[in-house]
Amino acid sequence: MSAKVITVTSGKGGVGKTTISANLATALAMLGKRVVAIDADIGLRNLDVVMGLENRIVYDLVDVVEGRCRLRQAMIKDKRQPELYLIPAAQTRDKMAVSPSDMILVCDQLRPEIDYILIDSPAGIERGFRNAIAPADQVLVVTNPEVSSVRDADRIIGLIEAEEKGPAHLIINRLKPEMVARGDMLSIADVLDILAIPLIGIIPEDENILVSTNQGMPLVMSSTNGVSASQAFRNVALRLTGQDVPFMDFSQKPGLRGWLKNLIGGR
Amino acid sequence: MTHRTETGISIKGIRDGLLVTLGDGEYADVLVRLDAELAEKQEFLQGSRIALAVGQRPLQRQQLSEIQQLFARHRLLLWTVLADADDTKTAARELELATRLPGSQTDLDGKQLQTPLPDRQPAPTPIGTGALLLKETLRSGRAVYHEGAIIILGDVNPGAEVIAAGDVIVWGRLRGLVHAGALGDETAVICALDLNPTQLRIADQIAIPPETRRRKSEPEQAVIRDGQITAEAWHSR
């Protein structure tokens with residue numbers, strides 16, 4: 001058994017990297033995989049908060065790298081998924097505390113025992129980003145359907161290709177089908193036209209994300225089906241395991257009605 | 001309780017079980033003596049966790065494994081090996097044994113841990129008997145270390161760390177992480193006007209507030225009682 005290392009990155013901040021990392025890690029664990037999520041955002045850590053594990057942190061990634069603890073001691077077991085672990089970032093240090101080769105070493109130590117390692121990258125194109133992609137076998141680029149995040153995604157895809165980590169896979173996050181229909185939001189086709197990389201997920205805007213983030217419980221653990229963000233995360237997880245899952249239908253008529261119905265009555 | 005026999009093997013009660021120290025002599029002899037010693041005291045020792053101090057004696061992985069099995073035959077769990085020799089430590093780690101006692105202030109190789117220095121923080125002004133007074137709110141990412149007591153006139157937000165060798169007093173809301181008695185003082189206390197931390201540590205104890213904890217906005221203090229960190233209402237004595 002040898003783990004696949006997947007890095008979630010975006011260039012622009014606030015597009016949903018951490019939410020997607022937490023949900024994909026959880027979804028993969030729910031499929032029975034052994035998963036370790038690593039927060040590479042040293043100094044601005046969030047993944048622990050989103051996963052509801054903040055109060056269990058004793059050691060972090062920097063402690064591992066600087067030899068203050070063994071790797072095992074920094075792996076926080078998830079509250080709900082028995083095969084899910086988090087290696088948190090340090091909050092009181094900065095990106096320079098870890099080097100790309102440290103990240104490769106940590107992942108290589110984990111590989112024999114783990115199925116998937118998910119790395120949550122910080123925003124930006126500097127050291128933190130290079131740390132996050134150094135050990136990656138696959139890179140997921142997150143973008144929102146608006147021009148500035150697509151612009152940054154394009155830049156980051158170029159950097160990933162330059163590091164020979166391509167082809168990156170694209171996740172379009174926070175899609176609002178009704179806005180696309182009105183022509184107020186970039187459509188999936190518009191985004192793909194610019195970025196021209198394989199699509200691996202489309203996550204619809206879903207206000208339950210906010211609720212689950214504040215509760216520290218990834219949304220995939222709640223059982224909404226149909227056209228929902230939760231189902232979209234599960235689909236991406238299945239695609240990561242190699243399954244061929246068709247994309248959800250976001251088309252307007254009669255899709256919108258079904259989608260709205262799901263939003264209102266589905267939970 | 002220390003029990004040293006004529007065999008040179010000592011058995012001592014420690015907080016996490018028993019500390020067994022091997023005496024001098026040939027490895028094979030020591031093994032035989034240990035076996036006899038354990039057989040004699042089997043009923044008394046049964047089920048204990050064992051920390052084994054081997055001192056300078058170099059032991060191969062295979063020898064450690066033999067000792068581990070010997071303990072197992074007496075229904076004792078060997079979980080840590082305290083050795084001076086690096087090779088012995090490496091061998092112990094290969095057998096997934098610990099090489100130090102929990103809460104000790106040394107790293108995995110037995111070297112004294114350095115107290116991390118505050119980086120890029122302005123030097124705080126110490127007052128009185130080694131206490132540190134900070135008149136500000138500590139936001140996420142701030143870390144304060146001090147080899148004495150720390151008094152904060154302000155809040156400690158989630159993501160901030162306060163680590164003190166002595167007591168920690170927060171004249172404000174404590175929502176982040178506080179470690180009092182960080183060098184091992186179990187009598188250290190943590191008090192706050194509103195005690196609602198992410199995590200508290202006193203000496204080598206760690207506590208997470210229960211999720212169902214009702215919110216009290218009265219001054220509280222956290223202390224170690226019966227080996228556990230307990231929060232209680234603050235009463236002046």
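Based on Cα atoms of the range B:27-69, Rg over Rh with Rh as the Kirkwood radius reads 0.97.
Under 8 Å for C-alpha pairs, at least 6 residues apart: give me the relative contact order for chain A, rounded to a whole percent. Relative CO of chain A lands at 24 percent.
A compact globular protein would have a Cα radius of gyration near 2.2 N^0.38 Å; the ratio found for the range A:4-265 is 0.97.
Here the Karplus curve 6.51 cos²θ - 1.76 cosθ + 1.60, taken at θ = phi - 60°, turns the phi angles of the range A:139-148 into couplings of 10, 9, 9, 9, 9, 9, x, 9, 4, 5 Hz, with x standing for Gly and Pro.
The long axis of helix A:229-240 is offset from the longest Cα principal axis of chain A by roughly 60 degrees. According to the calculation over all Cα-Cα pairs in the range A:81-154, the P(r) per 5 Å bin from zero is 3, 13, 23, 23, 17, 13, 7, 2, 0 %. Adding -39500 (n - 2.57) for every DSSP H run of four residues or longer, then dividing by how many residues chain A holds, sets the calculated 222 nm ellipticity at -11000 deg cm²/dmol.
Sequence-ordered 3J(HN,Hα) estimates for the range B:35-41 from the Karplus curve with 6.51, -1.76 and 1.60 and θ = phi - 60° stand at 4, 5, 4, 5, 5, 4, 9 Hz, glycine and proline given as x.
When only alpha carbons are used to place a centre, the range A:8-53 and the range A:157-182 end up 17 Å from one another. Here A:Leu61, B:Leu45 are placed in order of increasing Cβ neighbour count within 10 Å, fewest first, which gives B:Leu45, A:Leu61. Among the residues of A:51-61, the average count of other protein chain beta-carbon atoms within 10 Å of the residue beta-carbon is 3. Loop-located GluC sites (Glu not before Pro) in the range B:20-83 (DSSP state not H, G, I, E or B) with no more than 14 neighbouring Cβ atoms inside 10 Å: B:Glu26. For the residues of A:83-95, the average number of beta carbons from a partner chain within 10 Å of their own beta carbon is 3. Averaging 1/r across all pairs of distinct Cα atoms in the range B:132-233 and inverting the result yields a Kirkwood radius of 13.0 Å. Shielding value for B:193-203 is 1, the average number of Cβ atoms from other chains within 10 Å of each residue's Cβ. Please give the helix A:100-110 orientation as an angle from the longest Cα principal axis of chain A, in degrees from 0 to 90, rounded to the nearest 10. Computed tilt is about 90 degrees. Partner aspartates and glutamates whose Cα lies under 16 Å from the Cα of B:Lys135, excluding those fewer than 8 positions away in the same chain, are identified as B:Asp155, B:Glu161. Using bins of 10 Å that start at zero, the share of Cα-Cα pairs per bin across the range B:2-94 amounts to 17, 56, 26, 1, in whole %. Exposed loop sites, defined as GluC sites (Glu not before Pro) outside DSSP H, G, I, E and B with at most 11 other Cβ atoms within 10 Å, are absent from the longest region of chain A, namely A:1-125.
Rounded to the nearest Hz, the phi-derived 3J(HN,Hα) couplings of the range A:172-189 under the Karplus curve 6.51 cos²θ - 1.76 cosθ + 1.60 (θ = phi - 60°) are 9, 10, 6, 6, 10, x, 5, 6, 4, 4, 7, x, 8, 10, 4, 8, 4, 5, where x marks glycine and proline. Overall shape of the protein assembly as shown was characterised from the C-alpha gyration tensor. The equivalent ellipsoid obtained from it has semi-axes of 47, 30, 21 Å, in decreasing order. Helix A:255-265 and the longest principal axis of the Cα set of chain A meet at an angle near 60°. Close amide-amide hydrogen proximity is noted between A:Ala90 and A:Gly43, A:Leu61, A:Val62, each under 5 Å apart and 5 or more residues distant or on a separate chain (H modeled in the peptide plane; Pro and chain starts excluded).
Bear in mind these aren't lab numbers, they're just calculated from the coordinates by the rules spelled out. Computed from a prediction, not measured in an experiment: that's the story for all the values here. All Cβ positions, glycine included, derive from the backbone under ideal geometry; neighbour counts span all protein chains shown.
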